[in-house]
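Just so it is clear, none of the values below were taken in a lab; they were calculated from the coordinates. Every value quoted in this text rests on a predicted model; they were computed, and no experiment measured them. Don't worry about glycine lacking a Cβ; one is built from the backbone with ideal geometry, like all the others, and counts go over all protein chains shown.
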Amino acid sequence: MSYKWIPNRAINAKIQSGVDAGLTAIGIAVETEAVNNLNEKVYAYDPVSYKLTGKLKQTLNYRVGKNKVTIGSPMKYAPYVEYPGKTRKFKGKPFLRPAYDKVKLIAKLILANEIRKKL
């Protein structure tokens, strides 16, 4: 006796919908944590002087793609803030990596919960 697996498109669509919802929830969580990290004084590089602008915090966003979520900012100086030591003038203050590290502890639970809701 043999069995043939027949994929169920309706179930697959529900699972994919749950994955998308879970990635959106993870994106929101990481973005929120990163904004909280930026609430502590982070100075933007200005050619004349360092000044607090808030633009990095305002432009931080996430985008859900096929089975992935991308979080970042289009600001040119964002890598200099995230990765200390890229410039002599600014020491940097990581904001995304600590946010990711904090959320990744519960990311699997968030994803599983969202998939379970859709089924």
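The label-point distance for residue 104 and residue 15, in a model that sets each label 7 Å from Cα toward Cβ, rounds to 2.5 nm. Give me a comma-separated list of calculated 3J(HN,Hα) values for the stretch 56-70, in order, Karplus coefficients 6.51, -1.76, 1.60 applied at θ = phi - 60°, integers in Hz, x for any Gly or Pro. With coefficients 6.51, -1.76 and 1.60, one gets 4, 5, 5, 9, 5, 8, 10, 9, 8, x, 6, 6, 7, 10, 10 Hz.
Quote to one decimal, in nm, the extra length available between residue 39 and residue 8 on full extension: 0.36 nm per residue of separation minus the C-alpha distance between them.
6.5 nm
Here each label is just a point 7 Å from Cα along the line to Cβ, and for residue 112 and residue 53 those points are 4.3 nm apart. Computed 3J(HN,Hα) for the stretch 17-25, one whole-Hz value per residue from the Karplus formula 6.51 cos²θ - 1.76 cosθ + 1.60 where θ = phi - 60°, is 4, x, 4, 4, 5, x, 5, 5, 5, glycine and proline marked x.
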